[in-house]
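The values are calculated or read from the model by the stated rules, or taken from the named source; none is laboratory data. Just so you know, these numbers come straight off a predicted model, no measurement behind them. All Cβ positions, glycine included, derive from the backbone under ideal geometry; neighbour counts span all protein chains shown. Only protein heavy atoms, including side chains, enter the accessible area calculation; ligands, DNA and RNA are left aside. Shrake-Rupley method; radii C 1.70, N 1.55, O 1.52, S 1.80 Å.
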Amino acid sequence: MDIQRNVGGIDRTIRGVLGIWLVVVGVAAALDDQRIKAVTAIVAGIGLLLNWGTQFCGCNALFGIDTTGDESASE
């Protein structure tokens, strides 16, 4: 299955950094017995890391947003 990439450039970098940060916040919240905050942050962080890794975002696809620029043309 070939997924059309729609996340690239600075958008991809920001998603990776925020994803890691949210997972760390979630782990810290879990250690502090704040379960709702922990689950919310970890799920959001994993979602952003999936966007970073696959270079695909369902919301971007829904709204017709493509931040890859000319990156896909070179592949």
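Points to keep in mind about this one:
- If the condition is being open to solvent by less than 50 Å² (accessible area, probe 1.4 Å) and within 30 Å of ASP2 (Cβ to Cβ), then the range 18-41 contributes GLY19, LEU22, VAL23.
- Residue match in the range 62-73 (condition: buried (at least 18 other Cβ atoms within 10 Å of the Cβ) and touching a Leu at 6+ places or on another chain (Cβ under 8 Å)): no
- Picking from residues in the range 60-72 that are outside any loop (DSSP other than H, G, I, E, B) and under 17 Å from THR13 (Cα atoms), the one that is modelled with the lowest pLDDT is SER72.
- Test result for ARG15, open to solvent by 50 Å² or more (accessible area, probe 1.4 Å) and of a type in the set (Lys, Arg): no
- First in the range 6-21 and more than 16 Å from GLY45 (Cβ to Cβ), second anywhere and open to solvent by less than 40 Å² (accessible area, probe 1.4 Å) and among the polar types (S, T, N, Q), Cβ under 6 Å, 6 or more apart: ASN6/ASN60; GLY8/THR68
- Single residue of GLY26, GLY16, GLY47 found to be modelled with pLDDT of 95 or more and in contact with a Phe, Trp or Tyr (Cβ under 9 Å, 6 or more places away or on another chain): GLY16
- Scanning the range 1-12 for residues that are open to solvent by less than 40 Å² (accessible area, probe 1.4 Å) and assigned to a loop (DSSP other than H, G, I, E, B) returns ASN6, VAL7, GLY8.
- Selection of the range 9-31 for residues being under 11 Å from ASN51 (Cβ atoms) and touching a Gly at 6+ places or on another chain (Cβ under 7 Å) yields only GLY19.
- The set of residues from the range 42-59 being assigned to a helix (DSSP H, G or I) and open to solvent by 60 Å² or more (accessible area, probe 1.4 Å) comprises VAL43, ILE46, LEU50, TRP52, THR54, CYS59.
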